[in-house]
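Student: Before I ask anything, let me first share the structure, which is written out below as structure tokens.
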Amino acid sequence: MEQCKIDFDLMPWENPAVGVRFKAYEQGGRKLRLAEFGREFVETDWCTKGHIGYVLKGQMVIDFNGKTVEFNPGDGIFIPAGEEHRHKAKVLTKSVKVILVEDK
């Protein structure tokens, strides 16, 4: 039986860039991430990956090629993959914590 319960408390944080850290579990071509973004996080390039998630803590704005949408705790995130859905996030509070489900 494959793993059903993911204990993020037992996993180390990964720090791939300034202002972002995450814990990730991969299985069956999908990735579950607990991610935290700080104010110092800056996306220099447009992201074209798809994201499905949930905001746990904090506030952020996502710029969809000039149209901005604010996300708050309790909000769901559903961004399809592709150039037509390119986006950049900006943190409004000290930090934002989210759960994200992504294809590998």
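Student: In the set Glu40, Glu36, which member is charged (D, E, K, R), surrounded by 14 or more Cβ atoms within 10 Å (Cβ to Cβ) and out of contact with any Asp or Glu (no Cβ under 7 Å at 6 or more places or on another chain)?
Tutor: Of Glu40, Glu36, the one residue that is charged (D, E, K, R), surrounded by 14 or more Cβ atoms within 10 Å (Cβ to Cβ) and out of contact with any Asp or Glu (no Cβ under 7 Å at 6 or more places or on another chain) is Glu36.
Student: A follow-up question, please. Is there a residue in the stretch 25-33 that is more than 23 Å from Cys4 (Cα to Cα) and either assigned to a loop (DSSP other than H, G, I, E, B) or touching a residue at least 60 places away in the same chain (Cβ under 8 Å) (or both)?
Tutor: No, the stretch 25-33 contains no residue that is more than 23 Å from Cys4 (Cα to Cα) and either assigned to a loop (DSSP other than H, G, I, E, B) or touching a residue at least 60 places away in the same chain (Cβ under 8 Å) (or both).
Here's the yes/no breakdown for (1) at pLDDT below 95; (2) in a loop (DSSP other than H, G, I, E, B); (3) closer than 17 Å to Lys104 by Cβ:
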{"position": "Asn15", "(1), (2), (3)": "no, no, no"}
{"position": "Lys23", "(1), (2), (3)": "no, no, yes"}
{"position": "Glu40", "(1), (2), (3)": "no, yes, no"}
{"position": "Tyr54", "(1), (2), (3)": "no, no, no"}
{"position": "Asp63", "(1), (2), (3)": "no, no, no"}
{"position": "Thr68", "(1), (2), (3)": "no, no, no"}
{"position": "Pro73", "(1), (2), (3)": "no, yes, no"}
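Student: Further, regarding this structure: Which of the following residues is within 14 Å of the chain's Cα centre (by Cα), surrounded by 11 or more Cβ atoms within 10 Å (Cβ to Cβ), outside any loop (DSSP other than H, G, I, E, B) and in contact (Cβ under 8 Å) with a residue 12 or more places away in the chain: Lys49, Lys90?
Tutor: So the residue among Lys49, Lys90 that is within 14 Å of the chain's Cα centre (by Cα), surrounded by 11 or more Cβ atoms within 10 Å (Cβ to Cβ), outside any loop (DSSP other than H, G, I, E, B) and in contact (Cβ under 8 Å) with a residue 12 or more places away in the chain is Lys90.
Student: For Glu102, only one of the following conditions fails: (1) surrounded by 13 or more Cβ atoms within 10 Å (Cβ to Cβ); (2) assigned to a strand (DSSP E or B); (3) at pLDDT 95 or above. What is its number?
Tutor: With respect to (1) surrounded by 13 or more Cβ atoms within 10 Å (Cβ to Cβ); (2) assigned to a strand (DSSP E or B); (3) at pLDDT 95 or above, Glu102 is out only on (3).
The values are calculated or read from the model by the stated rules, or taken from the named source; none is laboratory data. This is a predicted model, so every value here is computed, not measured. Cβ: placed from backbone, ideal geometry, glycine included. Neighbour counts: every protein chain shown.
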